[in-house]
Amino acid sequence: MRITEITTVVAGNPWKNWVFALVSTDEGITGVGEGSLNGFGFTVEAAIHELEPLVVGEDPTRIEWLGRRMQRDLYSDGGQIHRAAQAAIEIACWDILGQSLGVPIWQLLGGKVRDRVRAYANGWYRTERTPEAFAIAAKEAVATGYTALKFDPFGSAWRQMDRGDLQLTVDIVDAVRDAVGESVDLLIEGHSRFSVAQAIEVAERLAPARPTWFEEPVRHDRVTAVAEVARRSPIPIATGESFHTLGEFVELGGAGPIAFWQPEPAHLGGILPTKQVCGIAEAFDAVIAPHQAGGPVATAVCLHLAACTATHYIQEHFDTFNEEWESEIVSWHPAIDADGTLPIPTGPGLGLTLDLEAARRHPGAVQNYLPIFADGWERRRRDAQP
């Protein structure tokens, strides 16, 4: 079996373009992959086609070899953009392999360790930045079945917060806790906003609400700073979504007590490197909570990984709060159950197909990204763009 061509489409989720790749073969099997980032959707699409000559004519089942070729042999490090393009192709190759053998991807990675995957809601707080509005939205999210909620209560904060804004943040988190009770996990998203000193102060102020974690409180590319916050924060720290190499996770493990690792398959180059990170995390007694803020193909990828990873803790899930047409572009779409869990795909390969024409009915646009340092970004509307 040989790869014959790659077809791409950028679908226009208003707050993040979704980048899909369809990898075709001479045996009639087509695999689907995704390489979505917050920005640079069309750049990733271009990068996929720059990688295309390295894989056309090759055997798609030689996944590790193809990954090495797309990464090492270019002798360039294109960061997340490079890895996202690689991921879109690599994931499609796993899909092809699974289809050719008639088994789901998780079966190829060691088999199931669980039958359901606990998920946390994200994207649920498309509302005004007030305690009252967040509390109402939190109740609605929990009513759909979720037992854990992640949210960024910090507005447009950058490095420091004034006293009034910090108090508003505390009030929002307290209001959410009061609204959902003690049985729901609260996961606080920091989006790399703060200095070390400010992050520690924020953690101390939020600790009475008993969050499960404080995610990326400081710049992700300064592992020593993340570790310093982890040592001094009363809330456990989560990080890793922005890393694009295995070495960064090794450095993270050696730096300090980071409880939750959040590898992102699109940022790392696909399924195989993400599975490798899971092994590294186990060596450092960390648990895995993969980042996933992309489209429906990326959701399926993470569920396959969760199915076969013993140290998987919880899965990020936006799909409930994404655009309604998301379910129209794929043949399989998981729904949250009343116990806060998601099903594992059962079909061969990824267990879904992409409707290319349906995706093309929602074309991407360069302004489709989440401007997290603009006032009102929480509403995820185009008019919130700076």
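The values are calculated or read from the model by the stated rules, or taken from the named source; none is laboratory data. Predicted model only: the values in this text are computed from it and were never measured. Reconstructed Cβ throughout: ideal geometry from the backbone, glycine too, with neighbour counts over all protein chains shown.
A few points about this structure:
- Checking each residue in the stretch 275-287 for being closer than 23 Å to TRP65 by Cβ and either without any contact (Cβ under 8 Å) to a residue 12 or more places away in the chain or touching a Ser or Thr at 6+ places or on another chain (Cβ under 9 Å) (or both) picks out LYS275, CYS278, GLY279.
- Look at (1) under 13 Å from the mean Cα position of the chain (by Cα); (2) assigned to a helix (DSSP H, G or I) and you find that PRO263 fails only one, number (2).
- Any chance ARG159 is farther than 30 Å from GLU140 by Cα, assigned to a strand (DSSP E or B) and in the same structural domain as THR341 (by TED's automatic domain parsing): yes
- Scope the stretch 259-282; condition at pLDDT 95 or above, more than 17 Å from GLN86 (Cβ to Cβ) and either in contact with a helix residue (DSSP H, G or I) (Cβ under 8 Å, 6 or more places away or on another chain) or among the hydrophobic types (A, V, I, L, M, F, W, C) (or both); matching residues: PHE260, TRP261, CYS278, ILE280, ALA281
- Boolean, THR346 is modelled with pLDDT of 95 or more, in a loop (DSSP other than H, G, I, E, B) and surrounded by fewer than 18 Cβ atoms within 10 Å (Cβ to Cβ): yes
- Residues of the stretch 253-271 classified as more than 19 Å from ASP221 (Cβ to Cβ) and touching a Phe, Trp or Tyr at 6+ places or on another chain (Cβ under 8 Å), total: 3
- Those residues of the stretch 154-200 which are surrounded by fewer than 21 Cβ atoms within 10 Å (Cβ to Cβ) and among the aromatic types (Phe, Trp, Tyr), in sequence order: TRP158
- Some residue of the stretch 86-103 being touching a Phe, Trp or Tyr at 6+ places or on another chain (Cβ under 9 Å), surrounded by fewer than 24 Cβ atoms within 10 Å (Cβ to Cβ) and within 12 Å of PRO345 (Cα to Cα): no
- Pair list, Cβ < 6 Å and 6+ apart or interchain, from the stretch 68-85 residues that are under 13 Å from GLY35 (Cα atoms) to residues that are among the aromatic types (Phe, Trp, Tyr): ILE81/PHE40
- Candidates in the stretch 222-259 are the residues that are in a loop (DSSP other than H, G, I, E, B) and either in contact (Cβ under 8 Å) with a residue 40 or more places away in the chain or among the polar types (S, T, N, Q) (or both); of these, the one that is farthest from GLN198 (Cα to Cα) is THR245.
- Residues (hydrophobic (A, V, I, L, M, F, W, C) and surrounded by 22 or more Cβ atoms within 10 Å (Cβ to Cβ)) located in the stretch 313-337: ILE314, PHE318, ILE329, VAL330
- Within the option set GLU228, GLU251, GLU241, GLU215, being on the phi < 0 side of the Ramachandran plot, of a type outside the set (Ser, Thr, Tyr), assigned by TED's automatic domain parsing to the domain that holds ALA286 and surrounded by fewer than 18 Cβ atoms within 10 Å (Cβ to Cβ) holds for one residue only, GLU251.
- Residues of the stretch 142-151 classified as in contact (Cβ under 8 Å) with a residue 24 or more places away in the chain and either of a type in the set (A, V, I, L, M, F, W, C) or surrounded by 20 or more Cβ atoms within 10 Å (Cβ to Cβ) (or both), total: 6
- The residues listed here are ARG163, ARG219; of these, the one that is of a type outside the set (A, V, I, L, M) and touching a residue at least 24 places away in the same chain (Cβ under 8 Å) is ARG219.
- Some residue of the stretch 73-85 being closer than 27 Å to ASP319 by Cα, in a strand (DSSP E or B) and modelled with pLDDT of 95 or more: no
- Cross-chain or 6+ apart pairs with Cβ under 6 Å, the stretch 111-132 first and among the aliphatic types (A, V, I, L, M), then surrounded by fewer than 16 Cβ atoms within 10 Å (Cβ to Cβ) and assigned to a loop (DSSP other than H, G, I, E, B): VAL113/ALA310
- Looking only at the stretch 115-135, residues that are exposed (fewer than 15 other Cβ atoms within 10 Å of the Cβ) and part of a loop (DSSP other than H, G, I, E, B) come to 4 in all.
- Some residue of the stretch 333-342 being at pLDDT 95 or above, within 30 Å of SER192 (Cβ to Cβ), assigned to a loop (DSSP other than H, G, I, E, B) and of a type in the set (A, V, I, L, M): yes
- The residue list THR7, THR43 contains one member that is surrounded by fewer than 19 Cβ atoms within 10 Å (Cβ to Cβ), outside the structural domain of GLY294 (by TED's automatic domain parsing) and in a strand (DSSP E or B), which is THR7.
- Yes/no for HIS291 being buried (at least 21 other Cβ atoms within 10 Å of the Cβ) and under 30 Å from VAL180 (Cα atoms): yes
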